[in-house]
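The values are calculated or read from the model by the stated rules, or taken from the named source; none is laboratory data. Not measured: the values here are computed from a predicted model. Methodologically, a virtual Cβ is constructed for each residue, glycine included, from the backbone with ideal geometry; neighbour enumeration extends over all protein chains shown.
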Amino acid sequence: MSAKHFINDPTLLVNSALHAVTLTNPGVALDAKNKIIYRRPGQHQNQQQKVSLISGGGSGHEPSFAAMVGPGLLSASVAGTIFASPSAEQVRIAIMGRVDNADPADARSSSSTDGGGVLVIVMNYTGDVLNFGVAVEKARAAGVPVEMVVVGDDVGVGRARAGKVGRRGIAGTVLVHKIAGALASRGAPLSDVARVARLVAANLVSVGASLEHVHVPGRDASAATEQQLQLGEVELGMGIHNEPGSGRERAELPGLVSKMLAQLLDQNDKDRAFLNVNSNEVVLLINNLGGVSVLEMGGITAEVVAQLEKNYKIRPVRILSGTYMTSLNGLGFSITLLNVVNTDIGGPSMIELLDDVAEATGWSAPISKSTWEAKNTAMREGQASSSDKIPPSGLTVDAKTAQAALAAGLQSVIAVEPEVTRFDTVVGDGDCGIGLKRGAEAILQHLAEHPLTGDVVVDVASIVPVVERTMDGTSGALYAIFLHALVHALRGQAGSGDKQTPATPQTWAAALRQSLDALAAYTPARPGDRTLVDALHPFVETLESPGADLRAAAEAAKAGADGTRGMRASLGRTVYVGGSGFEQVPDPGAWGLASFFLGLAGLKPADEGWERV
């Protein structure tokens, strides 16, 4: 790999590259603080368009995503540092303050079928899904109509290795952007745009290959020498972040392309037969990972097209070849096939939408004369409206009783911190207990300064920012998603107008179920995977049962947490720790959450015979 760069400072590199997008396309602007590229207000104003599209991810994949912003494509993109997800707050600001069609007031005055809204498209990587998911739930909690589509098109890692995480998102994602963006520009409602985006994502398969790993500017090059491929070797299925694929091969281009097409199309390979490409119409995308010459890309494209026709009788109706999604200067390429299917929305076909004009430099479309001559300098400034400021809902509880119960639950979390830390030292990295304690103490401080009002929507919403500020890592993101979804669900349970409605156990059960379902959209964790879900799921399930109360639900959570002792982990850091420690201790996150529920129900861990290990 080459460790030589013209700009070795990664922060300067990302910031200057984003600025450059606005220089080559005067129709877009940059929110430098939040690394958001967005369409300038009033630029090519499309009165038809009701839905805005937002995507993003780590930098290093240019022209995705920043150079895909423009009419007919994305409304905004959000960038992280190189190969790292942007934060949830960056994404929230993009959704709520940098695009049209995201005003909660406008959404409330429109029906769900003809109103505005935002579609968020994200590739299937844990950090991206969780951080974009937090932002989506915050926007929903604030009343913004928003949908999220996760794209996983890579077949380089099969079902067995991918497990619950699923397929990675790679270059096929740009076809989702283009087709959904074109449909939105034609004035389709959010429900149709989201449906077609999911349909495109479900009919995509991609695989990449590279002759070498890449060096990230600013990193020590010597640490990556062991990854280097030997002369004549190629990494089949390499990801866009230097991740390995299905293995290393020694093959010339014809043999390599043959193996790649087999991974895409062989229905006998049950580990990778993700899609039966049987449509009369197929779109082919040949993507340059960044370091292949234009000359070689031509030769690669010719080889792929020839083999598709000869070996599979596939003649693509559209062939796109170029640089759409890179891995810095990756010396490789990827092949994507889109199975064109009927959209069933009574409107344009996928091919028509793919052919629609888009004005974005990353789509190899020229910027129009009118854009240059408009000399538009309009900007979107100021902070996005905050989901922290939630209007009263009328859904109420006794504030004094609720505050006492909540404080007891938080004190219980603090009390079991030594146990949780001890457990996490055995099966993790030892920081779970401290993280839970830090969050609990911060919420208690918040309650001391801002006592509960008795309006459950207002009160839960006021706690969410505290969780986001003080609880980091994967568990912090999961709690934030769940709580934002809970705000949204409780609002749905509230009565209309100024009528006061008591929040009953049934109210909470329904809202918690909706929140649990929302959380399931962002994480593959399910009961039996040895995560906090093993305590959360039985708590919600029991609370839904006729005649059940908070104490019964808390005891069910305790039993679920205790049941993780001896359970092999399917997700999280415990998977990588190894050893037999999981046989002696329960999952730390589940144990901490169960302790909270016990305290909330007026119990102490010792009262229920919690064994001290």
Pair list, Cβ under 6 Å, 6 or more apart: the range 432-449 residue farther than 12 Å from residue 403 by Cβ, other residue among the polar types (S, T, N, Q) and at pLDDT below 95: 433/421; 438/470; 439/470; 442/470
Search result, residues across the range 28-76 that are over 16 Å from residue 190 (Cα atoms), free of Cβ contacts under 8 Å to residues at least 60 places away in the same chain and polar (S, T, N, Q): 45, 59
Residue within the range 79-97 that is crowded, with 24+ Cβ neighbours inside 10 Å, part of a strand (DSSP E or B) and modelled with pLDDT of 95 or more present: yes
Single match in 410, 406, 447, 452 (criterion: assigned by TED's automatic domain parsing to the domain that holds residue 507, closer than 18 Å to residue 141 by Cβ and at pLDDT 95 or above): 452
Residue tally, condition part of a loop (DSSP other than H, G, I, E, B) and crowded, with 24+ Cβ neighbours inside 10 Å, over the range 51-70: 5
Flag for residue 490 being touching a helix residue (DSSP H, G or I) at 6+ places or on another chain (Cβ under 9 Å), buried (at least 17 other Cβ atoms within 10 Å of the Cβ) and farther than 20 Å from residue 519 by Cα: no
Single condition residue 405 does not satisfy, out of (1) outside any helix (DSSP H, G or I); (2) farther than 28 Å from residue 130 by Cβ: (1)
Tally of residues being closer than 23 Å to residue 151 by Cα, touching a residue at least 40 places away in the same chain (Cβ under 8 Å) and surrounded by 18 or more Cβ atoms within 10 Å (Cβ to Cβ) across the range 507-540: 5
Single residue of 6, 65 found to be modelled with pLDDT under 95 and of a type in the set (Phe, Trp, Tyr): 6
Qualifying residue in the range 544-551 (condition: part of a helix (DSSP H, G or I) and over 22 Å from residue 602 (Cβ atoms)): no
